[in-house]
Amino acid sequence: MHEWGSRRGKSQTLIRLLGQVELAFDGEPVRLPTAASAGAVTALALEAGSTVSHDRLCGMLWDVLPPSAINNLRGHIATIRRYLRISGASAVAVETLRASRGGSGGGYRLTASLDDIDVHVFTRCAETAQQALRSRDCAAALRLLEEALQLWRGPAGMGATVSDALRERLDGFTLRYLDLQEDVTECLIRRYDAAMLTPDMAGSRRS
């Protein structure tokens with residue numbers, strides 16, 4: 001199997017956004033208690049490793065900000081941290097980045113390996129499969145496509161409250177999923193065509 005994602009299958013990813021948003025420990029799902037906290041972990045997981053400012057994070061969660069948006073956000077972050085502890089996901093944490101004296105730079109950052117987040121494994125497998133297809137390596141492409149498709153549990157971000165802009169971004173994974181199914185069909189057709197070639201026909205194609 002290709003090195004990307006071989007360490008993390010569907011049962012091993014710690015943050016799952018493809019389908020119902022959930023955390024996981026040792027393959028067992030741990031669902032967040034509210035749609036809003038699921039939305040917050042979705043936004044942070046998509047930007048894993050990067051600092052997401054308070055303003056941007058609020059914009060990812062709400063189309064119209066509630067009066068107590070920042071306080072609500074802090075509550076959701078506290079919930080996520082508590083559930084990460086429950087899940088035993090010690091490799092994942094939410095860091096708080098304090099604002100500078102001028103009031104800028106504050107926000108949150110999810111620290112996690114991209115191997116631990118299903119959407120990132122899904123995306124990388126899909127991209128690498130495309131490279132294999134362009135190289136006409138159908139065997140490698142099929143392995144990567146299978147790995148990506150096994151992560152799919154349904155439309156991304158189910159059960160999470162997010163803004164329309166973030167929902168549109170999540171819907172992009174469904175389009176990618178449909179593309180992958182077409183890629184599988186293309187691989188199978190290529191393999192069938194190759195198997196049907198006689199030695200003389202294969203030689204004429206190469207020439």
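None of the figures in this text is laboratory data; all of them are computed from the coordinates on show. Source: prediction; values computed, not measured. Here the Cβ positions follow ideal geometry from the backbone for every residue, glycine too, while neighbour counts run over all protein chains shown.
Summary table
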{"item": "Potential extension, GLU95-GLN130 segment - 0.36 nm per residue separation minus Cα distance", "result": "9.2 nm"}
{"item": "Cα-based convex hull, region 25-175, per residue volume (Å³, whole number)", "result": "129 Å³"}
{"item": "Region 59-148: trypsin sites (Lys or Arg not before Pro) in DSSP coil with no more than 14 other Cβ atoms inside 10 Å", "result": "ARG98, ARG101, ARG136"}
{"item": "Where labels lie 7 Å past Cα in the beta-carbon direction, separation of SER50 and GLN150 in nm", "result": "2.9 nm"}
{"item": "Residues GLU22, GLU47 arranged by fewest to most Cβ contacts within 10 Å", "result": "GLU47, GLU22"}
